[in-house]
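Asker: Here it is, the structure, as structure tokens.
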């Protein structure tokens with residue numbers, strides 16, 4: 001049976017985790033958009049001070065960093081630092097034919113701890129709490145990559 | 001027929017869009033390089049003020065943010081916030097066997113609106129125009145990911 | 001023989017390069033963590049000044065940019081600007097059935113020049129040296145994407 005096929009439960013598990021992460025990442029962009037509209041600021045380009053339909057009363061303060069928008073951008077960057085790597089690592093790792101149980105724990109564990117990390121970051125929990133929720137995802141990524149590397153080398 | 005094969009027009013369509021986006025992203029890095037050379041500035045590391053063959057007359061202003069270089073970096077980051085996700089989402093979505101017509105519209109529509117967004121950003125069009133050209137790409141990404149997720153779940 | 005299979009030496013070569021890059025990227029996040037602990041600063045969120053187990057004596061200087069932490073973040077961003085694209089480009093390029101010798105040169109050449117670039121950036125070598133070590137990776141990425149695009153078009 002080919003690995004990359006919806007008949008393969010390993011692949012289906014990967015796809016569910018991967019598409020949830022992609023939707024989460026796409027949602028981050030929209031959260032930034034919505035926040036910039038609500039705050040009427042947090043813009044970054046000089047031309048964003050031009051008078052337009054969406055910005056009828058421009059003023060220079062709109063280019064200052066807005067704490068709410070900056071928080072969302074930090075979360076987005078934090079996702080970027082691992083999501084693309086996880087998406088590729090996961091696809092390669094299922095080629096090593098891990099057990100479905102382990103795959104479910106790791107794929108869904110990554111998604112769930114990343115969602116928890118997002119909520120902790122959004123609601124400004126302590127740095128310690130964020131670190132605690134960030135660590136499992138990083139270890140899962142390292143495990144998948146290292147395990148796939150070993151299979152390729154041996 | 002395997003999905004991932006140049007005999008499959010769905011895969012070929014995906015590959016054309018994917019490689020165009022990758023070339024666009026690689027070009028962004030070179031645009032930043034060329035702009036830093038032309039502006040003789042926009043550097044970010046303290047050691048970039050050392051006297052070298054490429055920088056025979058260093059001066060501290062070279063470390064200040066340069067508006068032209070910063071604009072290119074914002075465009076590059078904007079690409080980064082969706083290209084990697086689109087590349088993975090597209091590869092997974094063609095596993096759901098969408099119609100070739102729809103795939104062409106979505107893949108080429110994404111590439112074309114992203115190129116238009118790039119030109120609008122580079123030439124400092126209004127925020128409204130940028131938003132208008134950014135939205136289709138984001139909706140295409142969300143559609144592909146959501147549609148693939150549903151196939152995996154059902 | 002399917003392309004995506006550990007029986008295919010092209011795929012195995014790709015997997016070795018890809019997983020090394022993913023491990024390198026994951027290591028960058030941990031280097032940032034370790035540096036922030038050693039510097040006791042370089043934080044970015046206002047809530048990181050709250051008194052916690054890991055930060056028993058908070059002070060406002062901890063939110064200032066720390067040169068060592070910022071350097072690691074620039075390296076991480078530089079990786080992000082090409083690793084995800086290389087990971088996808090490499091997977092698509094092996095579908096074009098390049099020779100194994102060329103694949104080994106390009107895949108391992110990318111990994112080695114990126115590791116050399118990392119060491120040059122970390123130890124604050126000149127901008128010229130960094131540029132010299134950055135260029136091969138970018139050209140390899142462009143070659144892979146362009147060559148795959150041509151195969152898809154022809």
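Asker: Starting from the exponent 0.38 and prefactor 2.2 Å, build the expected Rg for chain B from its residue count and divide its actual Cα Rg by it. Before the final figure, lay out the partial values.
Answerer: Working: Rg = 19.5 Å, N = 154, 2.2 N^0.38 = 14.9 Å.
The value comes to 1.31.
Asker: Other chains near C:75-83: what is the mean number of their Cβ atoms within 10 Å of each residue's Cβ? Intermediate results must be reported in sequence, preceding the final value.
Answerer: On the way: counts 1, 3, 8, 2, 2, 9, 10, 4, 4.
Partner-chain Cβ atoms within 10 Å, mean over residues of C:75-83: 5.
Asker: Please work out which residue of chain B brings its Cβ closest to the axis of the rotation superposing B onto C, and round that distance to whole Å.
Answerer: Measuring from each Cβ to the axis, the minimum is at B:84, 2.
Asker: At residue A:143, label 7 Å along Cα→Cβ: distances to the other copies, nm, ascending?
Answerer: 3.8, 3.8
Asker: Shape of the protein assembly as shown from its Cα gyration tensor (a ≥ b ≥ c, root eigenvalues): rounded if a/c is under 1.5, otherwise prolate when a/b > b/c, or oblate?
Answerer: Rounded, since a/c falls under 1.5.
Asker: Separate question: How far, in nm to one decimal, is residue A:50 from itself in the other copies if the label point is set 7 angstrom along Cα toward Cβ? Shortest first, please.
Answerer: 4.3, 4.3
Asker: Moving to a separate point now. Using Cα atoms only, what is the angle between the long axis of helix A:100-122 and the major principal axis of chain A, expressed in degrees (0 to 90) to the nearest 10?
Answerer: 20
Asker: Can you pull the mean other chain C-beta count within 10 Å for peptide A:133-144?
Answerer: Details: counts 0, 2, 2, 0, 2, 5, 1, 0, 5, 6, 0, 3.
Taking all residues of A:133-144 together, the mean is 2.
Asker: While we're looking at this one, here's another question. When each copy gets a label point 7 Å from Cα toward the beta-carbon at residue B:70, what are the spacings between them in nm, shortest first?
Answerer: Going from nearest to farthest copy, the values are 1.4, 1.4 nm.
Asker: Which Rg and Dmax, in Å, describe the Cα atoms of the range A:1-43?
Answerer: 17.0, 54
Asker: Moving to a separate point now. If you line up the long axis of helix B:9-39 against the longest principal axis of chain B, both from Cα atoms, how many degrees apart are they, to the nearest 10?
Answerer: Rounded to the nearest ten degrees, it is 10.
Asker: Still on this structure: Classify the range A:11-66 as rounded, prolate or oblate, taking a ≥ b ≥ c as the square roots of the eigenvalues of its Cα gyration tensor: rounded when a/c is under 1.5, otherwise prolate if a/b is larger than b/c and oblate if not.
Answerer: Prolate, since a/c reaches 1.5 and a/b exceeds b/c.
Asker: Related question: If one takes the longest principal axis of the Cα atoms in chain B, at what angle in degrees, from 0 to 90 and to the nearest 10, does the Cα axis of helix B:83-93 lie?
Answerer: Taking Cα atoms only, the helix is inclined about 10 degrees.
Asker: A follow-up question, please. By how many nm would the segment from residue C:139 to residue C:59 lengthen if fully extended, with 0.36 nm per residue of separation less the alpha-carbon distance?
Answerer: Residue separation times 0.36 nm, minus the Cα-Cα distance, leaves 24.3 nm.
Asker: Still on this model: Suppose only helical runs count, i.e. DSSP H with n ≥ 4. What mean residue ellipticity at 222 nm does that imply for chain C under -39500 (n - 2.57) per run, divided by all residues and rounded to the nearest 500 deg cm²/dmol? Spell out each step's value before the answer.
Answerer: On the way: 5 runs with 106 residues, N = 154.
Calculated at 222 nm, the ellipticity per residue is -24000 deg cm²/dmol.
Asker: Round to a whole angstrom and tell me the spacing of the C-alpha centers of the range B:39-118 and the range A:78-128.
Answerer: 25
All of the numbers you see were taken from the coordinates with simple rules; none came from a lab. Please read these numbers as outputs of a predicted model, since none were measured by experiment. Virtual Cβ from ideal backbone geometry, glycine too; neighbours counted across all protein chains shown.
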